[in-house]
C-alpha cells in the first residue's frame, strides 16, 4: 500500500502545472473523475478563507479541480487511474 501511495504522489507531483485526469473512490464509495492541476495559487484568499489544509495527511495531495473551480484533496491510496499527456496508469 505504501508503494502505491508514493507512486501516485510521484505521478501527480510529476505532472507539475500541466492538466491531468485522475479517477478515485470518494469516501462515500462513489467514483469521481477529476480534471485537475497542482501548483495553482491564484484563488487562495486571506489567512483562513478558501484554504485547504496546509499539511494534508501523508496519503493525500492537494489539487485544483478545473471544472469545480476549487481546491480538492485526492487520497492517493484510493486512486484508480491517472492520465497526463502520454503517461497513463491504471490500478490493478
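Bear in mind these aren't lab numbers, they're just calculated from the coordinates by the rules spelled out. What you see is a predicted model, and the numbers here were worked out from it, not measured in a lab. Here the Cβ is made from the backbone with ideal geometry for all residues, glycine too, and neighbour counts use every protein chain on show.
Details
- Where labels lie 7 Å past Cα in the beta-carbon direction, separation of residue 87 and residue 67 in nm: 2.2 nm
- Full extension of the chain segment joining residue 58 with residue 44 gains 2.8 nm, where the gain is 0.36 nm per residue of separation less the Cα-Cα distance.
- Where only DSSP H runs of four or more residues are counted, the chain gives -4500 deg cm²/dmol as its mean residue ellipticity at 222 nm, each run worth -39500 (n - 2.57).
- For the chain, average projected area of the Cα convex hull in nm²: 6.2 nm²
- Theoretical gain in end-to-end length, residue 35 to residue 13 [0.36 nm per residue, Cα-Cα removed]: 6.5 nm
- Linear extension gain, residue 80 paired with residue 27, 0.36 nm per residue minus alpha-carbon span: 17.7 nm
- As a proxy for reagent exposure, 38, 76 were ordered by neighbouring Cβ count within 10 angstrom, fewest first; the result is 38, 76.
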